[in-house]
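First up is the structure itself, then whatever we jot down about it.
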Amino acid sequence: MTESARQLAETIRVAGASVLATLTRTFGSLQLAEDAVQEAALAALRTWPSGGIPDDPRAWLLVTARNKAYDVLRREAARPAKEAFSGGQCQIGPDTAQEALSMLEPDSAVRDDMLRLIFTCCHPALAPEARVALSLRTLAGLDVAAIARAFGVPEPTMAKRLVRARQKIATARIPYKVPDDAELPERLPAVLSVVYLIATEAHSPSSGDAVTRIDYETEAVRLARLLCELMPGEPEILGLLALLLFSFARRPARTSSRGGEPVLLRDQDRSTWDHAMIAEATSLLAEAVRRSSGVAGPYQLQAHLSACHSTAPSWADTDWTRIVALYELLLEVTEGGAVRLNWAIALGEAEGAGAMLRALDGIAGLERSHLWHAARADALGRLGRSEEAAAALRTAIDLAPTAPERRLLIVRLSSIVDDHI
Amino acid sequence: MALYAALVYLPADEYWTDRPEQVHRPSDGYEVFAADAGAAGVLKGGQGLYPPAMATTITVSGGKGGDVIVTDGPYAEAKEVLGGYFLLEAADLDEATKWASRIPASWAGGKVELRPIVPMQE
């Protein structure tokens, strides 16, 4: 794809999401709105390259998609079996430019529509996986094929899942609205977890050889920025965006330039980190602290953890005591093997390999995690128990889900074995 | 507005009584809920069910009009059994959820399942 074609697709994708949000409200159907936006996007891809991008791409897409939606409704109404439908609540409006222009509401209305779409797609009555897939489809505007690849399922399977999610929204009447202030504390975490899941998918492609084709990290940062704009001053949103940016800033150092192997944090070349982005994340985190009146949520705590690494000159000169303390705070508000695993690793830096091994062996339920076995191998190696370390690494290699991770572990194994020949 | 069936599931070990002749009496909590939901115009109906020990399962073998097979008890034993239902009319799932969370089973060891009702064909 050429640069201009890429930009064109990007413009359509970004504007398309907000058009989808507005049309879902006006027509009361996510399915209809999606079909209409899809057709409008195809029309844009056909006509814009020759005729040029319109001055207001969103307006162009909105008017085109709205007309497509009316076409669909007219077709439905024309079918004899659906006669009752034409007399129903769906109006088939006049096709005038004036009326279309009246749909172009001020920015505040667009903002509300986007929020409605976000809270609907991330409603707790939908399964977490369906929320992520639906958000990637509607909010990020990614196509079904790309989402299917990312989930490792065939495209028809993903299409069916998306249809089922939309059916549930329509049939169970999941409301298209922004929760009021009283409900917000209950509902916001589901939204943030979708953004977080999208971001973490970037770091651990669940299977497959290459890095997946969706740029999850960019999508997650984009969504977090959007949330920050839509709901300014929410401390957990600020914390989440800071967390994502701290991590994004390490991207240049995260994979080796030669084989694309993952490079562990301790081995990363910190001079290649994006320090402007780290500065932005730091000020966002400070803002989150100011606004959270002393009670840090899970994302803010993780952002603090990430900040410790981002501001340390090296792995050895990291404030490990603070990191251990932050993990212990985090364990009070979240559950999860991954947090406990990282706590154990931090303990290994703060107090030594003996404490790390004891902590690791105290975590139940991670027997199938290659990361847990790799961490045990590390602790055992540092304690001089190299045969046990090699055995743990072999288990980790068997369990590693991707080829680059497997290769990294094999390199570590060979270094242990070489040392003792 | 939409209609939902709020299916009330109760833990089988509490509901499945040793004395099946004993009539299951709804606790006060249900009366409070029914009164509140009724006053709000949300409650459109509902029934309590006798315990599964009182159930009879009917199947017809060999297709329609075949032999009627009558067996004692429910189709399958389960940890949670349907104890009754309420018919709720609400604007959307969020409003229905608010009401469902006030049905005692939802906070007293059981659970409530909200199922949208298929509209009657005209």
task: Give a residue-ordered list of calculated ³J(HN,Hα) values for region A:219-233 (Karplus: 6.51 cos²θ - 1.76 cosθ + 1.60, θ = phi - 60°; whole Hz; x for Gly, Pro).
output: 4, 5, 5, 4, 5, 5, 5, 4, 4, 4, 5, 6, 10, x, x
message: Can you work out the Karplus-derived ³J(HN,Hα) for every residue in region A:255-261? Use 6.51 cos²θ - 1.76 cosθ + 1.60 with θ = phi - 60°, whole Hz, and x for glycine or proline.
response: 10, 6, 6, 7, x, x, 5
- prompt: Size of region A:138-282 along its principal axes in angstrom, Cα-based, largest extent first?
  reply: 52, 40, 20
message: Test of understanding: in a Gaussian network model of chain A with alpha carbons linked when under 10 Å, which of A:GLY16, A:GLY233, A:GLY384 would top the mean-square fluctuation ranking?
response: A:GLY384
- prompt: Dimensions of region A:349-421 along principal axes (Cα, Å, largest first)?
  reply: 31, 30, 19
message: When a/c reaches 1.5 or more, the comparison of a/b and b/c decides; with that in mind, is region A:294-410 rounded, prolate or oblate per its Cα gyration tensor?
response: prolate
statement: Karplus ³J(HN,Hα) for region A:39-45 (6.51 cos²θ - 1.76 cosθ + 1.60, θ = phi - 60°; Hz, whole; x = Gly/Pro) runs 5, 5, 5, 5, 4, 5, 5
field: Amide H within-cut-off set for B:GLY84, under 5 Å, with H built and near neighbours excluded
entry: B:VAL8, B:LEU49
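A 24 angstrom limit on the alpha carbon distance is what I want to check against. Which of A:LYS160/B:LYS98; B:LYS44/B:LYS111; A:LYS160/B:LYS44; A:LYS168/B:LYS98 exceed it? Intermediate results must be reported in sequence, preceding the final value.
Values: A:LYS160/B:LYS98 30 Å; B:LYS44/B:LYS111 20 Å; A:LYS160/B:LYS44 34 Å; A:LYS168/B:LYS98 18 Å.
A:LYS160/B:LYS98; A:LYS160/B:LYS44, as the Cα separations exceed 24 Å there.
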- line: Cα extents of chain A along the principal axes, largest first, in whole Å, come to 81, 45, 41
field: Interchain or long-range residues, amide H under 5 Å from A:THR255's placed H
entry: A:VAL263
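With all distinct Cα pairs included, what does the Kirkwood hydrodynamic radius of chain B come out to in Å, to one decimal, could you say? It would help to have the intermediate numbers written out before the result.
Details: mean 1/r = 0.0626 Å⁻¹.
After inverting the mean inverse Cα-Cα distance, the result is 16.0 Å.
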task: Between B:VAL70 and A:VAL153, take the C-beta separation as r, use R0 = 56 Å, and let me know the FRET efficiency to the nearest 0.05.
output: 0.80
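Taking loop as defined by DSSP and a crowding limit of 15 other beta carbons within 10 Å, which GluC sites (Glu not before Pro) in region A:112-192 fit? Display every interim value, and only then the final one.
On the way: sites: A:GLU129, A:GLU183, A:GLU186; in loops: A:GLU183.
Passing both the DSSP loop test and the Cβ count: A:GLU183.
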statement: Note on the protein assembly as shown, DSSP bridge orientation, antiparallel percent to nearest 5 equals 95
query: Among the trypsin sites (Lys or Arg not before Pro) within region B:42-122, which fall in a DSSP loop and have no more than 11 other Cβ atoms within 10 Å of their own Cβ?
result: B:LYS64, B:LYS79
Cβ-derived FRET efficiency at R0 56 Å, A:THR218 paired with A:ALA391, nearest 0.05: 0.90
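Any idea what diffusion coefficient region A:1-50 gets from Stokes-Einstein, in µm²/s, Kirkwood Rh on alpha carbon pairs, 25 °C, 0.890 mPa s? Numbers along the way, then the final one.
Working: Rh = 11.3 Å.
In µm²/s, the coefficient rounds to 217.
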query: Comparing A:ALA355, A:ALA396, A:ALA346, which has the greatest mean-square fluctuation in the GNM of chain A with Cα pairs linked when under 10 Å apart?
result: A:ALA355
Over the protein assembly as shown: helical MRE at 222 nm, DSSP H runs n ≥ 4 each giving -39500 (n - 2.57), nearest 500: -19000 deg cm²/dmol
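Which value, to two decimals, describes the C-alpha radius of gyration of region A:204-329 once divided by 2.2 N^0.38 Å? Write out the running numbers ahead of the final one.
Details: Rg = 15.2 Å, N = 126, 2.2 N^0.38 = 13.8 Å.
Here the answer is 1.10, to two decimals.
Assuming a viscosity of 1.306 mPa s and a temperature of 10 °C, what translational diffusion coefficient in µm² per second does Stokes-Einstein assign to region A:264-329, Rh being the Kirkwood radius over Cα pairs? It would help to have the intermediate numbers written out before the result.
Values: Rh = 12.7 Å.
In µm²/s, the coefficient is 125.
With an 8 Å Cα cut-off and a minimum separation of 6 or more residues, compute the relative contact order for chain A in percent. Numbers along the way, then the final one.
Numbers: 479 pairs, mean separation 41.7, N = 421.
Taking the mean separation of contacting Cα pairs over the length of chain A, I get 10 percent.
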field: Estimated distance in nm for a label pair at A:ARG358 and B:THR59, the labels positioned 7 Å out from Cα along Cα-to-Cβ
entry: 5.9
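Mind sorting A:ARG225, A:ARG6, A:ARG250 by how few other Cβ atoms lie within 10 Å of their own Cβ, fewest first? Kindly include the intermediate steps, with their values, before the conclusion.
On the way: A:ARG225 14, A:ARG6 10, A:ARG250 20.
Least crowded to most crowded, the residues run A:ARG6, A:ARG225, A:ARG250.
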task: Within region A:338-383, list the GluC sites (Glu not before Pro) lying in a DSSP loop whose Cβ has at most 11 other Cβ atoms in a 10 Å radius.
output: A:GLU367
- request: Between B:PRO74, B:PRO51, B:PRO104, find the one with the highest GNM mean-square fluctuation for chain B; connect C-alpha pairs within less than 10 Å.
  value: B:PRO74
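Using 1/(1 + (r/R0)^6) with R0 = 51 angstrom and r between the beta carbons of B:MET1 and A:ASP143, what's the FRET efficiency to the nearest 0.05? Walk me through the numbers on the way to the answer.
On the way: r = 36 Å, r/R0 = 0.71.
Using R0 = 51 Å, I get an efficiency of 0.90.
Taking the number of other C-beta atoms within 10 Å as the exposure measure, put A:TRP315, A:TRP273 in order starting with the fewest. Mind dumping the intermediate values first?
On the way: A:TRP315 15, A:TRP273 20.
Exposure proxy ranking, most exposed first: A:TRP315, A:TRP273.
Every number in this text was worked out from the coordinates using simple rules, so none of it is lab data. It should be emphasised that the depicted structure is a prediction, and the values quoted were computed from it without experimental measurement. Note that each Cβ is placed from the backbone with ideal geometry, even for glycine, and that neighbours are counted across all protein chains shown.
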